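Scroll down for the structure; my scribbles are underneath it.
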Amino acid sequence: MPPLNRTYILIVCAATQVAALGFAQQKRAPLPPLTADRAALIAVRVSPSVHFARASKEQADQAVDLNAALFAPDLDLTASYTRLSPITYPPFNIGNQTIQSPFPVILNNYLLRATVTLPVTDYFFKILPTYKAVDRNSDVAQYQTQTESERVALRAREAFYNYVRAEASIKVAKDSVIQLEAYVNDLNALFDAGNVTRADSMQAQAQLSDAKAQLALAEGNVNVTKDALRRLLDLGPSETVTIGEDVFAVTAETPGTKQDILRRALKERPELKGLRALAKVRDSSMQAENARRLPNLSVVGNLDYANPNSRYIPLTQEFRATWDISAVLRWSPNDFVLGKVNVEQAELELKRARSDLKQLEDSIVVEASQASSDYIAAERTIQAAKDGVKAAEEAWRVRRDLFRAGEATASEVLESEIALRRAQLLHIDAHIALKLAKARIQHVIGTSTPTSPNKRTS
């Protein structure tokens, strides 16, 4: 192998080892146990749509800076050189004498000019409204970023609670299989002793098979909900997802009455703030478009440093400075006629923004009412579901005892097991429904994104 190739391979191998070492050092720390708040924070931080919204906000801020520069006077600097063709001035007569022209013919002309323009009327009728529109558009971009963060945070909370529900459902399915396996063993022993029929044993065996099938479905649902959660949180396949929130803990904290929720939603919801700011943007844009149809007054000043300077007579081949200042009033009938279309378009955009705002307000009223009703219903359901589990557990125990004593049938025992499983699932669903209702109330009032910085270490 040539020495050059050998050296090249050694360099590549060394670089690969360094890169691998750096990657190992930058490997993420283990993911702490997840709560709904932590899931929402991670999802917002890694969401591409939130990153795009923030980039749009940065662009809007840059547009504000650019438009702020329009308030500065317009300064133009010009440097020119002109070569003139030679000419001969005709002589002129004084009395009976003919005198040659005393004026010199200067062929090389140099000019340095500074021009300052102050658009007096444009400052008030065009530049200022445009700046207000761009500045408010930056606010719109900020509210859009908050809106996207809220949407992503709600999706993360929903994905988290769906995963919790799936995990809890597995626990119910496993308990059901364990209970039915023990019951089937009892029935087989009783069948061998001749105390029950083969039909009773087969019925229990069929229900056990159904419970195992339900367990397999529950395990598949866990994988689906876990993958959905991983996708939202941008987790690697090797990162372990554990639950760090007790969803069955019911706190005394309540989100308030429906009127309180609606009042906060109409005041704090970022979508509403964004549309209100957008309506102001459209209003300022309409003012700026309307100003383009009006006459505009400008003050223009020039400072010339020329060789020769034509204001000095006779012309001399030397640099001299002069200045002038003018007031210029300009109006274009064409701009007046064509500007009418732009004004009408701006008015239409303003009406559309106000219409969208009204529709969103109506939608949020319904959304707030629905979220409040769901929370109240879930709150009331929890205690009933808890009592139902206790009653179903007792019914299952009593039915088994009665069956052993010969006072209940195998079918009645199996029916009580089905009732117990259903009650346990209803109990899980009631608690998850309460958490989801609270999450949706947070979304309604614009507080889905947690404010406490609980960041991952990477």
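Show the residue pairs that are 6+ apart or on different chains and have beta-carbon atoms under 8 Å apart, the first residue being within region 143-163 and without any contact (Cβ under 8 Å) to a residue 12 or more places away in the chain, the second being surrounded by fewer than 22 Cβ atoms within 10 Å (Cβ to Cβ) and of a type in the set (V, I, T).
No pair meets every condition.
Scanning for something crowded, with 16+ Cβ neighbours inside 10 Å and closer than 30 Å to L180 by Cα, does region 263-286 turn up at least one residue?
Checked region 263-286: no residue is crowded, with 16+ Cβ neighbours inside 10 Å and closer than 30 Å to L180 by Cα.
Hey, can you tell me all the residues within region 206-257 that are within 22 Å of I42 (Cβ to Cβ) and among the basic types (K, R)?
K226, R230, R231
Per-residue answers, yes or no, for (1) exposed (fewer than 14 other Cβ atoms within 10 Å of the Cβ); (2) under 31 Å from the mean Cα position of the chain (by Cα); (3) aromatic (F, W, Y):
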| position | (1), (2), (3) |
| --- | --- |
| D362 | yes, yes, no |
| A391 | yes, no, no |
| E394 | yes, no, no |
| E415 | no, no, no |
| H427 | no, no, no |
| H431 | no, yes, no |
| Q442 | no, yes, no |
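Could you grab the pairs with beta carbons closer than 7 Å, sequence gap of 6+ or different chains, first residue in region 341-367 and touching a residue at least 40 places away in the same chain (Cβ under 8 Å), second one surrounded by 12 or more Cβ atoms within 10 Å (Cβ to Cβ) and of a type in the set (S, T, N, Q)?
The qualifying pairs are V343/N290; A346/S285.
Select from region 319-366 the residues that are assigned to a helix (DSSP H, G or I) and among the aromatic types (F, W, Y) and list them in ascending order.
F336
Going by what's in this entry, would L208 be described as in contact with a Ser or Thr (Cβ under 6 Å, 6 or more places away or on another chain), assigned to a helix (DSSP H, G or I) and under 26 Å from D401 (Cα atoms)?
Against the criterion (in contact with a Ser or Thr (Cβ under 6 Å, 6 or more places away or on another chain), assigned to a helix (DSSP H, G or I) and under 26 Å from D401 (Cα atoms)), L208 does not qualify.
For the list (1) open to solvent by less than 10 Å² (accessible area, probe 1.4 Å); (2) not in a helix (DSSP H, G or I), I need the number of the one condition that P450 fails.
In the conditions (1) open to solvent by less than 10 Å² (accessible area, probe 1.4 Å); (2) not in a helix (DSSP H, G or I), P450 misses (1) alone.
List every residue pair whose Cβ atoms lie under 6 Å apart, where the two residues are 6 or more positions apart in sequence or sit on different chains, the first residue falls within region 376-387 and is in contact (Cβ under 8 Å) with a residue 40 or more places away in the chain, and the second residue, located anywhere, is part of a helix (DSSP H, G or I) and of a type in the set (K, R).
Nothing qualifies.
Kindly provide the set of residues from region 172-185 that are of a type outside the set (A, V, I, L, M, F, W, C) and buried (at least 18 other Cβ atoms within 10 Å of the Cβ), ordered by number.
S176, Y183
Cβ-Cβ under 6 Å, sequence separation 6+ or interchain: first residue in region 412-435 and over 28 Å from A159 (Cα atoms), partner open to solvent by 40 Å² or more (accessible area, probe 1.4 Å) and in a helix (DSSP H, G or I). Which pairs?
So the pair list comes out as E412/R399; V413/R399; S416/A395; S416/R399.
Please find, within region 235-250, the residue that is modelled with the lowest pLDDT out of those that are open to solvent by 80 Å² or more (accessible area, probe 1.4 Å) and hydroxyl-bearing (S, T, Y).
Per the stated criteria, the residue is S238.
Here's the yes/no breakdown for (1) under 30 Å from L84 (Cβ atoms); (2) buried (at least 16 other Cβ atoms within 10 Å of the Cβ):
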{"site": "L303", "(1), (2)": "yes, no"}
{"site": "R311", "(1), (2)": "yes, no"}
{"site": "Q317", "(1), (2)": "yes, no"}
{"site": "R330", "(1), (2)": "no, no"}
{"site": "L338", "(1), (2)": "no, no"}
{"site": "R352", "(1), (2)": "no, no"}
{"site": "S369", "(1), (2)": "no, no"}
{"site": "E379", "(1), (2)": "no, yes"}
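The values are calculated or read from the model by the stated rules, or taken from the named source; none is laboratory data. Because the structure is predicted, anything quoted here is derived from the model rather than measured. All Cβ positions, glycine included, derive from the backbone under ideal geometry; neighbour counts span all protein chains shown. These area figures cover heavy atoms from the full protein model, side chains too; ligands, DNA and RNA do not enter into them. Shrake-Rupley method; radii C 1.70, N 1.55, O 1.52, S 1.80 Å.
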